[in-house]
Amino acid sequence: LRLRVDDDGRGAGEGAWGSGIVGMAERAKALDGELTARNTGSGFRVDVRLPWRATGV
């Protein structure tokens, strides 16, 4: 599974919290995936690859 998210660089606003890019990368790695992020000049681009395992559900 591959995902790409682009944002406008304005941030999440007051009261937002989280682990940021480092936390997202750690979660992706824990699932045998990878995450990259880069500044686009007008925001950020995050690409993530996660393995897809069919469960038969």
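The values are calculated or read from the model by the stated rules, or taken from the named source; none is laboratory data. What you see is a predicted model, and the numbers here were worked out from it, not measured in a lab. Positions of Cβ are backbone-derived with ideal geometry, glycine not excepted, and every protein chain shown enters the neighbour counts. Side chains are part of the model used for accessible areas, which takes the heavy atoms of the whole protein and leaves out ligands, DNA and RNA. Shrake-Rupley method; radii C 1.70, N 1.55, O 1.52, S 1.80 Å.
Every residue in region 48-57 that is of a type outside the set (Phe, Trp, Tyr) and either over 14 Å from the mean Cα position of the chain (by Cα) or in a loop (DSSP other than H, G, I, E, B) (or both), please. Those that are of a type outside the set (Phe, Trp, Tyr) and either over 14 Å from the mean Cα position of the chain (by Cα) or in a loop (DSSP other than H, G, I, E, B) (or both): LEU50, PRO51, ARG53, ALA54, THR55, GLY56, VAL57. Report yes if ARG49 is loosely packed, with under 10 Cβ neighbours inside 10 Å and touching a residue at least 24 places away in the same chain (Cβ under 8 Å), otherwise no. It is false that ARG49 is loosely packed, with under 10 Cβ neighbours inside 10 Å and touching a residue at least 24 places away in the same chain (Cβ under 8 Å). With respect to being in a strand (DSSP E or B) and of a type in the set (Lys, Arg), ARG45 fits the description. Of all residues in region 1-45, those that are open to solvent by less than 60 Å² (accessible area, probe 1.4 Å) and within 10 Å of the chain's Cα centre (by Cα) total 7. Among the residues making up region 35-57, those that are touching a helix residue (DSSP H, G or I) at 6+ places or on another chain (Cβ under 6 Å) and of a type outside the set (Val, Ile, Thr) are LEU35, ALA37.
When region 1-42 is filtered for residues that are touching a Leu at 6+ places or on another chain (Cβ under 8 Å), among the aliphatic types (A, V, I, L, M) and assigned to a loop (DSSP other than H, G, I, E, B), the ones remaining, listed by number, are LEU1, LEU31.
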